[in-house]
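Visitor: Can you read through this structure? Questions will come right after.
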C-alpha cells in the first residue's frame, strides 16, 4: 500500500479501538529475566517467599516497565511476515507521550493489548501514528498500563 492509501485507511479510524490482542501469561521466569536485564532485583519482583509474607499483593509482581516493554509483542508488531500494512518498509518506536501503571501485574496473570488510534500525522517520508495502548489484566478491573505510544511508518 502507498503512504496515501494507509493514511486514507487510518484517518476514519481515529478515536476507535483498532486492535485487541491475545492473552499472554506473565510468569516468574519472564519477571526474573527482566530483572536480570535491567538490574532491578527489588524483592517485590523476584523473592516469592518474601512477597508472599510482606507484599500487599501476596505474591511477586511484574515490573511496570516490563509490562510497558511488552507493547510491541502484545500489539503483534514483531512478525516481519505480518506487517501492519504492506508497503511499510520500517516501523520505528518514536516514544511515549505518557504512561501510567494503574494496577499491579501479579505473577502468572494474563495480559492482552487493547489499542485505540489517537492520531495520524504526516511526517517526512512517512506517517506518525499515536496509539493508546492499554495492557488489560484478565479478571481485573483496572489495567496494568495505559500509555500513548508513538510510532513512525516509513514507506
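Laboratory data are not the source of any read-out in this text; all were calculated from the coordinates shown. Just so you know, these numbers come straight off a predicted model, no measurement behind them. For neighbour counting, all protein chains shown are included, and Cβ atoms are generated from backbone atoms with ideal geometry for every residue, glycine included.
Visitor: Considering only the range 133-145, I want to know if a residue exists there that is in contact with a strand residue (DSSP E or B) (Cβ under 6 Å, 6 or more places away or on another chain) and closer than 16 Å to residue 13 by Cα.
Guide: Yes, the conditions are met somewhere in the range 133-145.
Visitor: Working only within the range 119-145, note down all residues that are under 15 Å from the mean Cα position of the chain (by Cα) and more than 16 Å from residue 101 (Cα to Cα).
Guide: Once the filter is applied, which keeps residues that are under 15 Å from the mean Cα position of the chain (by Cα) and more than 16 Å from residue 101 (Cα to Cα), the range 119-145 yields 129, 130, 131.
Results for (1) surrounded by 13 or more Cβ atoms within 10 Å (Cβ to Cβ); (2) touching a helix residue (DSSP H, G or I) at 6+ places or on another chain (Cβ under 6 Å); (3) assigned to a helix (DSSP H, G or I), shown as yes or no for each residue.
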{"site": "1", "(1), (2), (3)": "yes, no, no"}
{"site": "6", "(1), (2), (3)": "yes, no, yes"}
{"site": "19", "(1), (2), (3)": "yes, no, no"}
{"site": "29", "(1), (2), (3)": "no, no, yes"}
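Visitor: What's the total number of residues in the range 84-120 that are in contact with a strand residue (DSSP E or B) (Cβ under 8 Å, 6 or more places away or on another chain) and in a loop (DSSP other than H, G, I, E, B)?
Guide: Residues in the range 84-120 being in contact with a strand residue (DSSP E or B) (Cβ under 8 Å, 6 or more places away or on another chain) and in a loop (DSSP other than H, G, I, E, B): 11 in total.
Visitor: Considering (1) surrounded by 12 or more Cβ atoms within 10 Å (Cβ to Cβ); (2) outside any loop (DSSP other than H, G, I, E, B); (3) out of contact with any helix residue (DSSP H, G or I) (no Cβ under 6 Å at 6 or more places or on another chain); (4) touching a residue at least 60 places away in the same chain (Cβ under 8 Å), say which one residue 25 fails and leave the rest.
Guide: (1)
Visitor: Can you tell me which residue in the range 8-17 is nearest to the chain's Cα centre (by Cα), limited to those that are exposed (fewer than 13 other Cβ atoms within 10 Å of the Cβ) and in a helix (DSSP H, G or I)?
Guide: Applying the filter and picking the extreme gives 13.
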